[in-house]
Amino acid sequence: ELVDNLHQLIFGKEAPRLTLENQMLWLVGSENGSSVFGFCTLNDRGGGRGYLSRVGILPAYRGLGLYGRCITVRKAKARRLGFHTLITDTISPQVATSLIHRGFELYSPERLWAFKHSYYLRCVFDS
């Protein structure tokens, strides 16, 4: 319920609902756990591939580098799990730039899965 409430506060009621099935979830909050102000998820797509599916940070906490830290944490977990590739999509040029600065590259997947105007990005880990 906490993540549902956060999701609604961050993305609104009209955004597609986040499902946590087959996903790893991180909550973003204060060190002592007294407040939670965001979340991020990583989905195992099988075959050594992971998908960065969702990040949400409450507006009052944006601009503090939390989004970048969410990318870093999920990349590290993906490596520990033995993934060879991470993929994601976004409609935000700023998010795409942040991902590129953290080792992702733009690419064209064989099958488009997101919005018509989405950026598709992937990070391939060295063997």
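The values are calculated or read from the model by the stated rules, or taken from the named source; none is laboratory data. These numbers were taken from a predicted model, which means no experiment stands behind them. Virtual Cβ from ideal backbone geometry, glycine too; neighbours counted across all protein chains shown.
General observations
- Where residue 67 falls short, out of the listed (1) hydroxyl-bearing (Ser, Thr, Tyr); (2) buried (at least 16 other Cβ atoms within 10 Å of the Cβ); (3) closer than 20 Å to residue 125 by Cβ: (3)
- Lone qualifier among 20, 86, 27 - being within 13 Å of the chain's Cα centre (by Cα), closer than 15 Å to residue 123 by Cα, surrounded by 13 or more Cβ atoms within 10 Å (Cβ to Cβ) and not aromatic (Phe, Trp, Tyr): 86
- Scan of region 2-17 for residues that are in contact with a Gly (Cβ under 7 Å, 6 or more places away or on another chain) and either surrounded by fewer than 12 Cβ atoms within 10 Å (Cβ to Cβ) or aromatic (Phe, Trp, Tyr) (or both), ordered by number: 11
- Close contacts from region 77-91, counting a first residue that is modelled with pLDDT of 95 or more and a second that is among the basic types (Lys, Arg), with Cβ to Cβ under 7 Å and a gap of 6+ residues or different chains, come to 83/49; 85/49; 85/122; 86/75; 86/122; 87/49; 87/122.
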